[in-house]
Amino acid sequence: MTTRRRRGEDGISFEHRGPCRDPHRHRHCPGLWRGELTLGYTGDGKRQRRKVSGTTKAAVVDKLRDLHTQLDKGVTPKAGYAHYTVRQAAQDWLAHGLDGRSPKTVTKNRNVLEPILKVIGARKLRDLTAADVRQALAAMAAGYSTAAVSMGHLALKRAIRHAEASDLVARNVAILADTPKGQHGRPSKSLTLDQALAITAAAATLPVMELRPGLKDVRRPAELMHAYITLSLLCGLRTEEARALRWAHVDLDGDPAARPPVPPHIAIWRSVRTHGETKTERSRRTLALPAAAVQALRAWSGLQAGEQLAAGQGWQDTGLVFTNHLGAALDAGNVRKMFKRVLHGGGIGDGWTPRELRTSFVGLMSHHGVSIEETALLAGHASTRTTEVMYRNPRELRPMITTGAEIMDGLFGAS
C-alpha cells in the first residue's frame, strides 16, 4: 500500500497522457515523470515549490538531487536558472544593478563587457569556471589596453555578484581570475613651455573658427577657445570642470583692500558628471587666477554678452562660462574639434587632446620645482600617488632630491 510522504519530502509521480499499461512501474505508459521539491513556506504558511519533469524516473531523481545541491550551497533555485547565461546576467546587471548611474556609465560598462561576452556570453552561469573567465580575459587582452581589460574584468565581477545576490549562482568565479596585462595604450603627453606658448598665441590670434559646417552655429569667436585653453593650461582644470564652470564661481577682480588681499580666483565646485559632483572630494578647490587667465576671461565675457544680445529670447541663461551661441553648455566633441584647429594654427600637429592641457600643467609645475604635495593640491588629486604615477614623467621629476649626495659629499669628500 502506498504511504503518504512526510511533510517536506520530495514527491515523485507519473503523469499519464494515455491508457496505463503498467500500473506498478509505468515502463511503457505514455506520459512524463514529475518531481516536486519544497523550498519552504511563505509568511502566511503557503508552500513554495519547484517542479521538474523527465521521461524517466531516474532523470527526475537526478534533477531533484541537483536542486538539493544548489540549496545546500545557499542558492534558491528559480524558474529558468539552469539555463541562465553569462550574457543574461550581464544584461540584468546593466538594466537593474546600476541605478542612479548616468547613461554614459551604463554604456561604458556595456562596451567593456562585450569583448568578454563574445567568448563566454553563451555559457551557462552555473557552469562558468575561473578557467573560462581567464580565457575570455586573455582574448580581450590581445586587442585592448590594460585599463580596458581591468574595467571589463571589474564589470564582469559586479555582474556575477548581482546574480549571486539574486540566488542565481553559488559563487563568483570571476574574482578567482587575475586580470592580465593588455596592450600598451596611448600614453599621456605634456606640452613643453615653447609648445604651450605657441598654442596660447595661436588661440589668441586665429580668426573665427568653423565648428560644424552646415549648422547655424558654424563660426565661433577665437576668444572662446583662447579663454578655455588658457584657463585649462594655467590652472590645471579637468575638461569636465572647465565645461561646468559658472560665472558665479569666477571672481576676476578679487579684493585688493582685504587683509590679506584676495586675488582674482575661481571656485571649482562642479563638473559635468552626474549631479554635478566633482571627481573626488579634494577636487573641490579654489585657485588664484594668473593674470593671463584673467585677461582671457575678460575678453571672452564681453563677447559672450554680445552673443546673448544677438540671441534675444533664444538665449539659455545657464550661467556657464563656456557656452555655444545660445548659452547652452559646450559639447565635448566640439571642444576637441576647435582644439585641433588651434593645434594646426600653433604648428605642433593634431596629436593632442584637451585633457592634456591638464597633464601639461602638472608637467610644467614639476619641471619648475613645485613639490608633489603642492602640485596634488593644485590639480585636485585625491592623493600624491595620482600625481606621481599618472601624470609625471619619471625623467622629469622635480624638485631633484639632492640631500643624499650633499651628505655623502660631506662624509667622503670628492675623490
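Among the candidates 90, 59, 95, 82, which residue alone is touching a Leu at 6+ places or on another chain (Cβ under 9 Å) and either modelled with pLDDT under 75 or small (Gly, Ala, Ser) (or both)?
Details: 59 fails: touching a Leu at 6+ places or on another chain (Cβ under 9 Å); 95 fails: touching a Leu at 6+ places or on another chain (Cβ under 9 Å); 82 fails: touching a Leu at 6+ places or on another chain (Cβ under 9 Å).
Just one listed residue meets the conditions, 90.
Looking only at the stretch 166-194, count every residue that is in contact with a strand residue (DSSP E or B) (Cβ under 9 Å, 6 or more places away or on another chain) and not charged (D, E, K, R) and tell me the total.
Here the count works out to 4.
Looking at residue 353, is it closer than 20 Å to residue 284 by Cα and at pLDDT 75 or above? Talk me through it step by step, then tell me what you get.
Values: closer than 20 Å to residue 284 by Cα: no; at pLDDT 75 or above: yes.
No, not satisfied.
What number of residues in the stretch 266-298 are more than 16 Å from the chain's Cα centre (by Cα) and either in contact (Cβ under 8 Å) with a residue 40 or more places away in the chain or surrounded by fewer than 19 Cβ atoms within 10 Å (Cβ to Cβ) (or both)?
Within the stretch 266-298, residues that are more than 16 Å from the chain's Cα centre (by Cα) and either in contact (Cβ under 8 Å) with a residue 40 or more places away in the chain or surrounded by fewer than 19 Cβ atoms within 10 Å (Cβ to Cβ) (or both) number 21.
Which one is nearest to residue 148 (Cα to Cα) among residues in the stretch 103-121 that are loosely packed, with under 13 Cβ neighbours inside 10 Å and not basic (Lys, Arg)?
Looking at the filtered set, the residue picked out is 107.
Kindly indicate the residue of the stretch 241-268 that is of a type in the set (D, E, K, R) and part of a helix (DSSP H, G or I) and also nearest to residue 377 (Cα to Cα) among those meeting that condition. So that I can check it myself, show each step before the final result.
Looking only at the stretch 241-268, we keep the residues that are of a type in the set (D, E, K, R), and these are 241, 243, 246, 251, 253, 255, 259.
Now drop any that are not part of a helix (DSSP H, G or I), which leaves 241, 243.
Working: 241: 15, 243: 21 Å.
Restricting to residues being of a type in the set (D, E, K, R) and part of a helix (DSSP H, G or I), the top hit is 241.
Does residue 311 count as within 16 Å of residue 221 (Cβ to Cβ), in the same structural domain as residue 246 (by TED's automatic domain parsing) and at pLDDT 90 or above?
Considered against the rule, which asks whether it is within 16 Å of residue 221 (Cβ to Cβ), in the same structural domain as residue 246 (by TED's automatic domain parsing) and at pLDDT 90 or above, residue 311 comes out as no.
Considering (1) assigned by TED's automatic domain parsing to the domain that holds residue 222; (2) in contact (Cβ under 8 Å) with a residue 12 or more places away in the chain; (3) out of contact with any Gly (no Cβ under 6 Å at 6 or more places or on another chain), say which one residue 90 fails and leave the rest.
Exception for residue 90: condition (1).
Which of the residues spanning the stretch 92-151 are over 21 Å from residue 164 (Cα atoms), in contact with a strand residue (DSSP E or B) (Cβ under 8 Å, 6 or more places away or on another chain) and part of a helix (DSSP H, G or I)?
141, 146
Just to be sure, is residue 366 crowded, with 18+ Cβ neighbours inside 10 Å, modelled with pLDDT under 90, over 21 Å from residue 243 (Cβ atoms) and of a type in the set (Ser, Thr, Tyr)?
Against the criterion (crowded, with 18+ Cβ neighbours inside 10 Å, modelled with pLDDT under 90, over 21 Å from residue 243 (Cβ atoms) and of a type in the set (Ser, Thr, Tyr)), residue 366 qualifies.
Under 7 Å by Cβ, and 6 or more places apart or on different chains, what pairs join a residue from the stretch 47-59 that is in contact (Cβ under 8 Å) with a residue 12 or more places away in the chain with one that is of a type in the set (Lys, Arg)?
Close Cβ pairs (under 7 Å, with a partner that is of a type in the set (Lys, Arg)) amount to 51/34; 52/63; 53/34; 54/63.
The values are calculated or read from the model by the stated rules, or taken from the named source; none is laboratory data. Computed from a predicted structure; not experimentally measured. We place every Cβ from the backbone using ideal geometry, glycine too, and count neighbours over all the protein chains shown.
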